[in-house]
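Before any comments, here is the structure.
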Amino acid sequence: MTRQRTPALVISFQETAQALAAEALFTRLSLPGRIIPLPSRISAGCGLAWCTVPADRADMETFLKECSIECEDMAELLY
């Protein structure tokens, strides 16, 4: 049985520290999502990414900018 893939927003980071800071921020703000291993379709500096729903893209960009956490890329894909 194969898993149903759903649209996801995957936020990648250059450094592990940035990914962990983003995880702490999003968890503190009770935003949906979780840390995942970086999908092989995405090339980034560290092997971690935040996965959430695409509808939250604008909020994620705002919160990351306000807290000076840099992400490498935001990609929408089936995950």
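Here's a check for you: in segment 28-42, which residue that is in contact with a strand residue (DSSP E or B) (Cβ under 8 Å, 6 or more places away or on another chain) and open to solvent by 30 Å² or more (accessible area, probe 1.4 Å) is modelled with the lowest pLDDT?
Taking the candidates together, the pick is Arg41.
Please specify each residue of segment 1-36 satisfying the condition of being over 10 Å from the mean Cα position of the chain (by Cα) and within 19 Å of Tyr79 (Cα to Cα).
Met1, Thr2, Arg3, Gln4, Arg5, Thr6, Pro7, Leu31, Pro32
Can you find a residue in segment 1-9 that is modelled with pLDDT of 95 or more and out of contact with any Leu (no Cβ under 8 Å at 6 or more places or on another chain)?
Yes: one or more hits.
Filtering segment 43-79 down to residues that are over 16 Å from Phe13 (Cβ atoms) and among the acidic types (Asp, Glu), which residue is least open to solvent (accessible area, probe 1.4 Å)?
By that ranking, first place goes to Asp56.
Is there a residue being modelled with pLDDT of 95 or more and open to solvent by 70 Å² or more (accessible area, probe 1.4 Å) anywhere in segment 20-27?
Checked against the condition, which is being modelled with pLDDT of 95 or more and open to solvent by 70 Å² or more (accessible area, probe 1.4 Å), segment 20-27 yields at least one hit.
Out of segment 6-17, which residues are of a type in the set (S, T, N, Q), surrounded by fewer than 22 Cβ atoms within 10 Å (Cβ to Cβ) and within 10 Å of Leu48 (Cα to Cα)?
Across segment 6-17, the qualifying residues are Gln14, Thr16.
The values are calculated or read from the model by the stated rules, or taken from the named source; none is laboratory data. Here the structure is a predicted model, which is why all the values come from computation and not from measurement. Cβ coordinates were reconstructed from backbone atoms using ideal geometry, including for glycine residues, and neighbour counts include every protein chain displayed. What goes into the accessible areas is simple: the full protein's heavy atoms, side chains included, and nothing from ligands, DNA or RNA. Shrake-Rupley method; radii C 1.70, N 1.55, O 1.52, S 1.80 Å.
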